[in-house]
Amino acid sequence: MAFFVSSITTLFSLFTITCISIVTLPHCDAFPLHYNHHPLLHPHHHHPHIASHNYRDALTKSIMFFEGQRSGKLPPNQRMSWRRDSGLYDGSALHVDLVGGYYDAGDNVKFGFPMAFTITMLSWSVLEFGGLMRGELQNAREAIHWGTDYLLKATAYPNTIFVQVGDAKKDHACWERPEDMDTPRSVFKIDANNPGSEVAAETAAALAAASLVFRRSDPMYSKILARRAIKVFQFADKYRGSYSNALKPVVCPYYCSYSGYQDELLWGAAWLHKATKNPMYLNYIQVNGQILGAAEYDNTFGWDNKHVGARILLSKEFLVQKEQSLHDYKGHADNFVCSLIPGSSSAEYTPGGLLFKMSDSNMQYVTSTSFLLLAYAKYLTSSHTVVNCGGTTVTPNMLRRIAKKQVDYLLGDNPLKMSYMVGYGPRYPQRIHHRGSSLPSIAVHPGKIQCSAGFTVMNSQSPNPNILVGAIVGGPDLHDRFPDQRSDYEQSEPATYINAPLVGTLAYLAHSFGQL
């Protein structure tokens, strides 16, 4: 993509954040100021910076958001108090228990593919930065637990995964609270005859990553998750096929798998290698890595394409664990980093400096990319390594600055001075595309709101009555514009997979600025 000349001045500041002298940054001594003389990477001034944001507050809210997305019987310590129990009979159509889990976004469907990715990224957030989270660590674990409890139910039968609850077409034809749902709670599954390797391998990744999260705090639960992950990955690998073929009318166009399932098989194997230390997974990666697309130049990381995440994760094995056979993943990860550097042919940024990948829910790529940059910076620092981008040396702290710049934009340092996290800062989206948030709560309006009755609210200009604290919306367009219209799902809809990677990033930033 063409790089916008108009954004060069803004991007110049990506690399000008220096250490603050008032609080101790854990990596302050590693902030080198001897960059190569690339005009965009060479800052002229070094003014001390104090945190412009309350990252701790944002961290708390980013985790609380998941409570607003819960399906099932809500626990006594539920903090998002305007929500009530919902979907209490999910699975009964097929005589299975599928109560629980998360609604993916502003609708009332439980989509297994993005839900599993959400849990994988929440788990990775905790594994990399949970040690910095202090009081929020338990809340983050509970958010993961809520998801893994459901994924265990969805994978309870051999060679079968229940991948969706709810008829998406009929659900989207209504604007109603999850507590009022009267659309069919149809259940859809993959099995040996109708495979879905991408959703199966992502589910295996989620279970494996979460097993590491609970290894110390709940060893028995951790073992259950790891054992299930192994079985689910075997199923994903043995019965290969895309769930977009088997379940096309059901999952498309909502969560069609456009990137195929090879990326999930590599990603799933990487997580199982990390969780089990069984050499068969390392062997699987060594034998299959290239076939599964390890070196492809696809630099968009999200619920559909996991290649970049797998590269970063496996580069850690080489950089930190010194697994020499994974040497190539350092190069693959470097290619991703170089694709983001201002001035590279594939990096597109808005005039205000926001990474721009696509118009539909762009903020998910901002949060996932920022997390990967911080994780990779950590691995590079640990191994005293840098990235070389065509003669330009990119240090770990440059990656940290890019990530911080993106998060600061999200939290309000942008042309509209708008926080794209609901409930954070003085100005944030008021009309998010979210049924439960936009309709009066059960406490205020106990009577049922019928399927189509809610559309008068959806189409109105009134602010949402229920604050979905911590929800991050799809975000502004390529020109930094954000209309704050409820009907504009591309820009105004929150989603679990937008928040999940940001949890780790905010923990790192809050710690760096002495807020935790």
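The values are calculated or read from the model by the stated rules, or taken from the named source; none is laboratory data. Model, not experiment: these values are computed from the prediction. All Cβ positions, even for glycine, are placed from backbone atoms using ideal geometry, and neighbour counts span all protein chains on display. Just the protein is used for accessible areas: all its heavy atoms, side chains included, with ligands, DNA and RNA removed. Shrake-Rupley method; radii C 1.70, N 1.55, O 1.52, S 1.80 Å.
Numbers for the structure displayed
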| quantity | calculated |
| --- | --- |
| Radius 13 Å from Cβ of LEU411, net charge of other residues (Lys, Arg +1; Asp, Glu -1) | +3 |
| Additional length obtainable on full extension of the chain from LEU74 to THR385, 0.36 nm per residue less Cα span | 107.3 nm |
| Sites ASN194 and MET358 - FRET efficiency at Förster radius 25 Å, r taken between beta-carbons, to 0.05 | 0.25 |
| The range 114-153 versus the range 451-474: alpha-carbon centroid distance in Å | 27 Å |
| Pairs beyond 28 Å (Cα-Cα), from LYS330/LYS357; LYS248/LYS404; LYS223/LYS405 | LYS248/LYS404; LYS223/LYS405 |
| Heavy atoms of TRP303 accessible to a 1.4 Å probe, total area in Å² rounded to 10 | 30 Å² |
| The range 179-211-the range 369-431 distance, computed between alpha-carbon centres (Å) | 31 Å |
| Computed over the chain: relative contact order in percent, which uses C-alpha pairs under 8 Å that are six or more apart | 22 percent |
| The range 386-456 - Rg over Rh from alpha carbon coordinates, Kirkwood radius | 1.30 |
| Shape call, the range 220-352: gyration tensor on alpha carbons, a/c limit 1.5 | oblate |
| Neighbourhood charge, 10 Å Cβ-Cβ cut-off, centred on ALA270 and excluding it, Lys, Arg +1 and Asp, Glu -1 | +3 |
| Kyte-Doolittle at least 1.0, axis length at least 15 Å by Cα - qualifying DSSP helices, the chain | 112-129, 197-213 |
| Gained length - ALA443 relative to LYS238, 0.36 nm times residue gap less alpha-carbon distance | 68.9 nm |
| Inter-probe distance in nm under a simple model that places probes 7 Å from Cα toward Cβ, at GLN321 and LEU94 | 3.3 nm |
| Over the range 434-516, relative contact order from alpha-carbon pairs under 8 Å, at least 6 apart, % | 27 percent |
| 222 nm mean residue ellipticity, helices alone, for the chain (DSSP H n ≥ 4; -39,500 (n - 2.57); rounded to 500) | -13000 deg cm²/dmol |
